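Written below as C-alpha cells is the structure these notes are about.
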Amino acid sequence: MMKALVDPNRALAEGLGRIRRQFQVPETFPQEVMAAAESAAGRAPTAHADRTDRPFVTLDPASSTDLDQAFAIEGSGPDLLLHYAIADVAWFVDHGGPIDAEAWRRGATQYLPDGKAGLYPPVLSEGAASLLPTGPRPAVVFTVRVAPDGSVRLDGAERAIIRSVAKLAYDSVRDADLPAGFAELSERIKAAEARRGATRVDPPEQEVARLDDGRLALRFRPRLASEDRNAALSLATNMAVAEALQARRTGLFRVMPEPDARAVARLRRTARAFGLCWPDMASLAQFERRLDPADPQDAAFMLAVRRAGAPASYVPYQEGVTPWHAAMAATYVHATAPLRRLADRYVVEAALAVANGRPTPETVEEAFAKLPAVMARAAAAGGQVERAVIDLAETVMLHGREGETFQAVVTDVDDRGARMQLCALPVVSRIAAPGASPGEELCVRLNTADPHRPPATFERAD
C-alpha cells in the first residue's frame, strides 16, 4: 500500500492522474453499491454489549477518518489488559450483497499520495463503521492479556457498542492523553520481539519536498515514537488472535519466508552503496537492530529491506503445519484493519466465534479458501501502482539534472540487465551494463528524467 510517500506540494499531481488511469484505479463506487451502503449505514446494532462506559481512544495520522481501531488499557495484577476495538464491518455488510461483491473485486484499499480508492464506500469506511468520536459505534472488542515478558493471550472477544472519547494524532498526542500503561505495553511487546529475533522493519515516510533552489527532493519524515508504540498494540492483537485460531484449527494466516541468500547479498551491496558498515559476521537481523530511522542513509536502507524479500502472503489453516511470518518471528494474522483489507473481516468473524466457543461460520471457512488468491491479486495491483508512483517521484526529483553523473553500486544482475543503487540518493534503477557483476561500482550518467515518461534512465559514464 502506498502509504509511505506524501506529496504536500502536489508536485506529482499530473503524473498521479496518469497512473490512476493507466492502472484503472477506481474513482468511485457503482450506484448499486452506494445505495446499499447508505441503507446499511443506518443499521442499528442489536447483538452488541454496552461498553460505552470504557474510555476508548484512537491514535492515527491527523487526517485519517477511516478508523479501524480504538483501545483502552487496564491493569490485571502484573499483566496488562488491552481492550482493542475493531470496526465491526461485518455488521454492515451482507454476505453476497452488492457491498460484499464489490469488496471481493477490490480486495484492499489502494493508496496513492493524492488519496485512496477505498475498499468500502465512505459512508461506511469514514462514517457509520469508522470508530470516530462522534457517537457510539459497533465494534468487535478483543481483550488481549499482555504478560510482563510481552507474551500475549486472547482472553475474550465480543460484539460491543463503544464510544471513543478522543481522536488522537501521532504528531500532537501527549502522554497524558493516552491510557495509563500505553508506553509500558508497547515496551513489553518490543522486548518480546527482540527475544524472538523478529526483524520487522517500519521505515519512515518519504516526502516530496521543494528545496530552496526550486528543485525537488525525496526526504524522510522522522518516524514518531507514538507510531511505533501504536503499532505494538496491533501486533499484540494479531498475534493473540493467530494463536487462538491455530489452536482451534481454523484461520487465515499471514506468512513470509526469510530473505533468501540472493536477497541478503543484494542488501549487503545496497548497504555498501549507502556507505553503511555491515560486518561480515553480522546477520541481517543483527544489522537491522542498529539502524536509526532518523538517519537518511539508514532510512533508505530500511526501505530496501522492506522491498528485498519475498512478499508476504495468506494461507488458510492446514493440519500439521505451523504458519510462520519470518519478520514477526511468530504465527501471525491480519485482523485489525477490516475497513482496509477484505481478509481481516473474515478473520475477525472467526476469532469472535472461537473466543466464544462456537464453530467458525461455514461462510467464513469457505472465504478462507478463496481469499489468498483475491488478496494476492489486490497486492499485485497495489504493487504495480506503488512502483509507478516511486518511478514518478524519482523522475520528478531528478528532472533538470540530465547529464549529471552519479556513483552507483550494482546490487544484482539478471536477464533484464544490471540493477543498481545510487550511492547519494534513494534511487534504484536498471542499466544496460554488459559484463557488470554484483558489487561492482559504476559511474553513471542521468540520460532522461521526463516526468511525463518515467522512469528515469541512466547510461554508463566510465
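Computed from the coordinates by the stated procedures, all read-outs in this text should not be read as laboratory data. On a predicted model such as this, the values are computed, not experimentally measured, just so you know. Methodologically, a virtual Cβ is constructed for each residue, glycine included, from the backbone with ideal geometry; neighbour enumeration extends over all protein chains shown.
When region 128-150 is examined, which residues are found to be small (Gly, Ala, Ser), farther than 16 Å from THR237 by Cα and either free of Cβ contacts under 8 Å to residues at least 60 places away in the same chain or surrounded by fewer than 18 Cβ atoms within 10 Å (Cβ to Cβ) (or both)? If the condition is that a residue be small (Gly, Ala, Ser), farther than 16 Å from THR237 by Cα and either free of Cβ contacts under 8 Å to residues at least 60 places away in the same chain or surrounded by fewer than 18 Cβ atoms within 10 Å (Cβ to Cβ) (or both), then GLY135 is the only one that fits.
Could you say which residue among ALA40, ALA87, ALA47 is closer than 24 Å to TYR170 by Cβ and of a type outside the set (Phe, Trp, Tyr)?
None of the other options fit; the residue is ALA87.
Only one of the numbered conditions (1) within 26 Å of PRO203 (Cβ to Cβ); (2) surrounded by 13 or more Cβ atoms within 10 Å (Cβ to Cβ); (3) of a type outside the set (Val, Ile, Thr) is violated by GLU38, and that is (1).
Going through (1) surrounded by 21 or more Cβ atoms within 10 Å (Cβ to Cβ); (2) assigned to a strand (DSSP E or B); (3) touching a helix residue (DSSP H, G or I) at 6+ places or on another chain (Cβ under 7 Å) one by one, ARG153 falls short only on (1). Mind telling me which of the residues THR457, THR448, THR395, THR360 ends up being farther than 20 Å from THR270 by Cβ and touching a helix residue (DSSP H, G or I) at 6+ places or on another chain (Cβ under 7 Å)? None of the others qualify; the one that does is THR360. Among the residues of region 166-182, is any part of a helix (DSSP H, G or I), closer than 30 Å to THR134 by Cα and under 23 Å from the mean Cα position of the chain (by Cα)? Yes, because at least one residue in region 166-182 is part of a helix (DSSP H, G or I), closer than 30 Å to THR134 by Cα and under 23 Å from the mean Cα position of the chain (by Cα).
Give me a count of the residues in region 222-231 that are outside any loop (DSSP other than H, G, I, E, B), touching a residue at least 12 places away in the same chain (Cβ under 8 Å) and either touching a Lys or Arg at 6+ places or on another chain (Cβ under 9 Å) or not hydroxyl-bearing (Ser, Thr, Tyr) (or both).
Adding up the residues that qualify gives 5.
Taking the numbered list (1) farther than 30 Å from ASP228 by Cα; (2) surrounded by fewer than 16 Cβ atoms within 10 Å (Cβ to Cβ) in turn, ASP53 passes all entries but (1). Looking only at region 330-352, residues that are crowded, with 24+ Cβ neighbours inside 10 Å and acidic (Asp, Glu) come to 1 in all. For region 62-78, a tally of residues being surrounded by fewer than 18 Cβ atoms within 10 Å (Cβ to Cβ) and either among the charged types (D, E, K, R) or without any contact (Cβ under 8 Å) to a residue 24 or more places away in the chain (or both) returns 4.
Where helices (runs of 4 or more DSSP H) sit wholly within region 1-98, those with at least 2 residues that are of a type in the set (Asp, Glu) occupy 31-41. Only a single item in (1) in contact with an Asp or Glu (Cβ under 7 Å, 6 or more places away or on another chain); (2) crowded, with 18+ Cβ neighbours inside 10 Å; (3) part of a loop (DSSP other than H, G, I, E, B) is not met by ALA327, and it is number (1).
Quick check on my filter: what residues within region 258-268 are over 24 Å from the mean Cα position of the chain (by Cα), over 28 Å from GLN318 (Cβ atoms) and either buried (at least 21 other Cβ atoms within 10 Å of the Cβ) or of a type in the set (A, V, I, L, M, F, W, C) (or both)?
Once the filter is applied, which keeps residues that are over 24 Å from the mean Cα position of the chain (by Cα), over 28 Å from GLN318 (Cβ atoms) and either buried (at least 21 other Cβ atoms within 10 Å of the Cβ) or of a type in the set (A, V, I, L, M, F, W, C) (or both), region 258-268 yields only ALA265.
Against the numbered list (1) surrounded by 21 or more Cβ atoms within 10 Å (Cβ to Cβ); (2) in contact with a Ser or Thr (Cβ under 8 Å, 6 or more places away or on another chain); (3) outside any helix (DSSP H, G or I), GLU402 comes up short only at (1).
Per-residue answers, yes or no, for (1) in contact with a helix residue (DSSP H, G or I) (Cβ under 9 Å, 6 or more places away or on another chain); (2) of a type in the set (Ser, Thr, Tyr):
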site: VAL241; (1), (2): yes, no
site: ARG262; (1), (2): no, no
site: LEU276; (1), (2): yes, no
site: LEU284; (1), (2): yes, no
site: TYR332; (1), (2): yes, yes
site: THR336; (1), (2): yes, yes
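Only one entry in PRO133, PRO148 is assigned to a loop (DSSP other than H, G, I, E, B) and out of contact with any Asp or Glu (no Cβ under 8 Å at 6 or more places or on another chain), namely PRO133.
Restricted to region 308-349, and to residues there that are touching a residue at least 24 places away in the same chain (Cβ under 8 Å) and of a type in the set (S, T, N, Q), the residue that is farthest from THR143 (Cα to Cα) is SER313.
In summary, VAL255 fulfils each of the numbered conditions (1) buried (at least 16 other Cβ atoms within 10 Å of the Cβ); (2) closer than 27 Å to LEU81 by Cβ with the single exception of condition (2).
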